[in-house]
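Nothing in this text is a laboratory measurement; each read-out follows from the coordinates by a stated rule. On a predicted model such as this, the values are computed, not experimentally measured, just so you know. Cβ sites come from the backbone with ideal geometry, for glycine too, and all protein chains shown count toward neighbours.
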Amino acid sequence: MNKQWWKETVVYQIYPRSFKDSNGDGLGDLRGIIGKLDYLNELGVEVIWLSPIYKSPNDDNGYDISDYRAIMDDFGTMENFDELLEEMHKRGLKLVMDLVVNHSSDEHKWFVESRKSKDNPYRDYYIWRKGNKSNPPNNWGSFFSGSAWQYDEATDEYFLHLFSKKQPDLNWENEKVRCEVYDTMKFWFQKGIDGFRMDVINLISKVQGLPDGEKGENDLYGNGFPLFANGPRVHEFLQEMNREVLSKYDIMTVGEAPGVDPDTAKFYVNEDRDELNMLFQFELMDIDSGNGKWDLRPWKLTTFKNIMVKWYEALKDKGWNSLFLNNHDQPRMVSRFGNDKEYRVESAKMLATLLHTWQGTPYIYQGEEIGMTNVQFDIAEYKDIEIINMFKEKTAQGMKKEELLESIYAKGRDNVRTPMQWDNSKNAGFTEGEPWLKVNPNYTDINVKQALEDKNSIFYYYQKLIRLRKENPIIVYGDIKLLYKDDENIFSYIRKFKDESLLVILNFFENEVEFRLPTDSKYREAELLIANYEVDTNIIDNILLKPYEARVYILH
Ligand code: NOJ
């Protein structure tokens, strides 16, 4: 296996708008982040991924960029950015920026020009089509509800927007667009950043002719997904990007890729293909969805394990996996896969044990390290465009408010965007002003200050996991053998590297269950590395596991 620094590291994701406000305007900012770098150092992470900090009208909180080379006014200045990067590097922290180039903002100067006339030099930077009689050019729906096309009177044509209508899709078929993107990437690499997380990068190539998607009887829109995801030229574009830019720097890349399966993923991340280092794939994140994310379904541990193992096996020795259980788009992991009430601390630690002892690079989302939880707000208190549009569309279709709220409580993106809980003072110490999104009311109990004062906190457990990963190459590079794949309570596996073995035992639920070593196993002695309860024995062949108990042993 090829050793790489980005395999050995742990990434911490910051959602800057909600991390720390330094000037009292209620929005997080770069100086706020600078003030918390020592905290991140103490946690032990080595890479910080910043969600977008570029100039933006904030229709989608910065995922709609109006200038790729300027900093969002709310977040500060380019001088603040330079200082942030310098302060990070001083502390041995690397910086990964978000690259959002499937689309820009409609306020980007390219789009402002593009919409002016059909012969404008920027016209072809975006995807414009004539309507189909008085309908949009095709039947694709947008991820944020409604049609994926917006009519523009100035030229009597529609433009494509897979996300909001203020996020027009860039036309990657146009070589000039690709050059602009590569130049922008070089601009940031020359400043010294250490990598990119690439937003929906598998959507950049659309099927020629943009045909209609399949549409069920009860569907409002056709399913364009197979026609714009993993499209015909995506690998050609990524290889070009790699040749022109990525290969010239010692950096890391992770591509967000909704809807990839392990077979498709190989084309993006296998090391001999010179495309990307890792992907964010969402198979596990879809485990509790039926017909779309808002349609809630129960999930089973056997399915969960199956997905994890399938991805491990598919990329083993050839590519690399990223490991995450939440991010700025996904609900809090302890609320979703653990128990955010009685066993919040135990279950958060158990889930963290999985993430940090599986093969792949773990990603921690801000607040995860103190066990922050989902929220339940009134509908008027939500700020996320996805929630707001979905609620409007579905109530217009006659769905009940209560039912929609249940889905929002479970899956809404604002669950993870509430301000970071620093202490138990007003607004959780996030801002002296009025926070842009309500603080989770549980901040009085769940906050960084409390976590740092409690030696048994989730924070210190993460700190230890991160340290153990650094000290034990087996955790990074070891092979995985799953035990008891059909067990609906226990997730257990053995890692192997050179002549070492590591055993991980996780009780995924609150019932007490018995763990036995497989009868053919030769190990009888074990050295405990980490556990989320007190453990006073090194005997491992017959353990009664407590609710959400997690133990990791080196085996002899
Ligand atoms: C994926 C991002 O993670 C999400 O937050 C955003 O809304 C869409 N891409 C559009 O950029």
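Taken as a whole, the condition of being part of a helix (DSSP H, G or I) and either hydrophobic (A, V, I, L, M, F, W, C) or in contact (Cβ under 8 Å) with a residue 12 or more places away in the chain (or both) applies to Lys310.
For segment 359-385, the set of residues classified as outside any loop (DSSP other than H, G, I, E, B), touching a Lys or Arg at 6+ places or on another chain (Cβ under 6 Å) and within 16 Å of the ligand (Cβ to nearest atom) is empty.
For first residues located in segment 206-226 and under 18 Å from Gln397 (Cβ atoms), partners that are of a type in the set (D, E, K, R) and surrounded by 13 or more Cβ atoms within 10 Å (Cβ to Cβ) and lie 6+ apart or on another chain with Cβ distances below 9 Å form the pairs Leu220/Glu393; Tyr221/Lys215; Gly222/Asp212; Gly222/Lys215; Asn223/Lys215. Checking the structure you have, find out if any residue of segment 459-473 is polar (S, T, N, Q), touching a Pro at 6+ places or on another chain (Cβ under 8 Å) and either farther than 21 Å from Leu43 by Cβ or surrounded by fewer than 19 Cβ atoms within 10 Å (Cβ to Cβ) (or both). No; the residues of segment 459-473 include none that is polar (S, T, N, Q), touching a Pro at 6+ places or on another chain (Cβ under 8 Å) and either farther than 21 Å from Leu43 by Cβ or surrounded by fewer than 19 Cβ atoms within 10 Å (Cβ to Cβ) (or both). Going through segment 78-130 one residue at a time, which ones are among the polar types (S, T, N, Q) and either assigned to a helix (DSSP H, G or I) or touching a residue at least 12 places away in the same chain (Cβ under 8 Å) (or both)? Of everything in segment 78-130, those that are among the polar types (S, T, N, Q) and either assigned to a helix (DSSP H, G or I) or touching a residue at least 12 places away in the same chain (Cβ under 8 Å) (or both) turn out to be Asn80, Asn102, Ser104, Ser105, Ser114, Ser117.
Out of everything in segment 63-77 that is without any contact (Cβ under 8 Å) to a residue 60 or more places away in the chain and touching an Asp or Glu at 6+ places or on another chain (Cβ under 8 Å), what residue ends up being nearest to the ligand (Cβ to nearest atom)? Looking at the filtered set, the residue picked out is Ser66.
Residues in segment 141-155 that are crowded, with 21+ Cβ neighbours inside 10 Å, outside any loop (DSSP other than H, G, I, E, B) and touching a Ser or Thr at 6+ places or on another chain (Cβ under 7 Å): Gly141 only.
Within segment 159-180, the set of residues being touching a strand residue (DSSP E or B) at 6+ places or on another chain (Cβ under 8 Å) and either within 15 Å of the ligand (Cβ to nearest atom) or aromatic (Phe, Trp, Tyr) (or both) comprises Phe159, Leu160, His161, Leu162, Phe163, Lys165, Gln167, Pro168, Asp169, Leu170.
Taking the conditions (1) away from the ligand (no atom under 15 Å from the Cβ); (2) part of a helix (DSSP H, G or I) in turn, Asn202 satisfies each one other than (1).
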